[in-house]
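The values are calculated or read from the model by the stated rules, or taken from the named source; none is laboratory data. Since the structure is predicted, the reported quantities are computational estimates derived from the model, not experimental observations. Here the Cβ positions follow ideal geometry from the backbone for every residue, glycine too, while neighbour counts run over all protein chains shown. For the accessible areas, the whole protein counts, side chains as well, though only heavy atoms, and no ligand, DNA or RNA atoms are used. Shrake-Rupley method; radii C 1.70, N 1.55, O 1.52, S 1.80 Å.
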Amino acid sequence: MTEDSHPMKQSELEAFQAVAATASFSRAAEQLKLTQPAVSKRIANLEDSLGTRLFDRVGKQVLMTPAGSALAGEAGKVLAAMRDAERAIADLSGEPSGTLRVATSHHIGLHRLAPILRAYAAAYPAVQLDIRFEDSEDAHRLVANGQVELAVVTLADALSPTLETLREERVWRDELRFVIAADHSLARRKRVTLAQLADAPAILPGSKTYTGRIVSELFASAGLSLEPTLSTNYLETVRMLVEAGLGWSMLPESLIGDLARLPVRVRASRDLGIVDNPERSASIAAQRFAATVRRFGDGKG
């Protein structure tokens with residue numbers, strides 16, 4: 001650092017981490033709920049404090065410099081230490097306060113989170129919630145690198161080696177049903193087999209999502225290959241495409257609505273719940289949030 005530089009700030013490191021992850025100042029701004037000039041200013045301040053450039057703009061590309069790559073390996077640790085200190089100070093009062101960073105999936109956010117947030121906000125008004133809506137797979141990574149304290153998402157069927165230190169706790173069991181538009185010819189059959197579905201147009205969650213893998217493995221275990229006609233990570237979009245008559249899918253009960261359930265003699269489910277990192281000390285705010293989530297688990301609420 002130069003003599004007139006300032007110490008690195010948490011907000012600047014968060015901006016750096018967002019730009020590094022998205023390779024875009026505009027996407028980082030969306031993620032952080034800031035304007036693009038505000039993100040650019042934070043990066044400029046961080047570069048001033050370190051005395052080096054962290055990103056190069058090459059055409060429309062944003063590339064990390066060697067210094068940026070070096071910082072990327074340490075930024076998560078520094079931010080985690082800052083947030084741990086922040087939580088420790090907030091927890092001295094014995095009452096939840098400060099900012100609680102949580103990630104959740106779009107589906108859980110739309111269909112399960114509202115009563116949880118209402119109850120938590122009423123019980124702990126001194127806590128400011130910072131909620132990020134992410135794919136469940138990305139939310140796991142945010143917990144692992146300390147960007148959020150916990151996540152309420154679809155749980156993994158098996159954690160990858162980079163995520164195996166995480167702890168998962170099932171709160172809900174989500175039954176998945178084979179569905180199709182009510183006026184589709186398959187909806188009139190008394191029985192439908194997996195082989196018939198493998199040959200029919202399918203609208204499925206993305207193959208890299210936990211839910212998408214459940215469906216693919218169901219067919220693979222029957223020796224069948226499954227190639228979706230369309231795929232998307234958003235189940236609400238999947239439902240809309242099925243309702244439009246473009247193919248069948250597997251959806252949770254909460255999304256079926258007027259769609260027809262297909263008479264397939266195979267069932268599947270996914271687990272939804274809490275993901276945290278036991279290698280880090282949870283703040284009181286996070287502990288109380290997890291307890292509130294459990295109150296609204298299966299058979300409760």
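Worth a mention:
- Sites Asp183 and Leu110 - FRET efficiency at Förster radius 22 Å, r taken between beta-carbons, to 0.05: 0.25
- Positive dipole terminus of the stretch 176-301, leading residue within Gly273, Thr229, Pro201 (C-beta point charges): Gly273
- Gain on full stretching of the segment that runs from Glu30 to Thr193 - 0.36 nm per residue minus C-alpha separation: 54.3 nm
- Nearest-20 debye value, the chain charge dipole, Cβ charges on Lys, Arg, Asp, Glu: 1020
- For Asp138 and Ala72, the FRET efficiency from 1/(1 + (r/R0)^6), where r spans their Cβ atoms and R0 equals 22 Å, is about 0.85.
- DSSP-defined beta bridges in the stretch 136-252 - what % are antiparallel, rounded to 5: 50
- Rg/Rh (Cα only; Kirkwood hydrodynamic radius) as it applies to the stretch 160-301: 1.05
- The modelled label-to-label distance between Lys9 and Ala123, using points 7 Å beyond Cα along the C-beta direction, is 3.4 nm.
- Qualifying GluC sites (Glu not before Pro) in the stretch 140-195, where qualification requires a DSSP coil assignment and no more than 14 other C-beta atoms within 10 Å, comprise Glu164.
- Formal net charge of residues neighbouring Ser24 (Cβ-Cβ distance under 11 Å; K, R +1; D, E -1): +2
- Per residue value of the accessible surface for the chain (all protein chains in place, 1.4 Å probe), Å²: 50
- Non-local lysine pairs in the chain, meaning eight or more places apart or on different chains, with alpha-carbon distances under 27 Å, amount to 9.
- Overall Cα dimensions of the stretch 250-301, principal axis frame, Å, largest first: 47, 24, 16
- Taking amide H as placed 1.01 Å from N in the peptide plane, Val171 has its amide H under 5 Å from the amide H of Leu272, Gly273, Ile274, each at least 5 places away in sequence or on another chain.
- Angstrom value of the Kirkwood radius, inverse mean 1/r, which spans all Cα pairs in the chain: 21.5
- Shape call, the stretch 63-142: gyration tensor on alpha carbons, a/c limit 1.5: oblate
- 222 nm mean residue ellipticity, helices alone, for the chain (DSSP H n ≥ 4; -39,500 (n - 2.57); rounded to 500): -12500 deg cm²/dmol
- Phi-based couplings in Hz for the stretch 161-169 (Karplus 6.51, -1.76, 1.60; Gly and Pro marked x): x, 6, 10, 5, 7, 6, 10, 10, 10
- Accessible area of the chain belonging to carbon and sulfur atoms, whole % at 1.4 Å probe: 51
- Between Lys41 and Thr22, the modelled label-to-label distance comes to 1.8 nm, taking each label 7 Å out from Cα in the direction of the beta carbon.
- Counting DSSP beta bridges with both ends in the chain, the antiparallel % (nearest 5): 65
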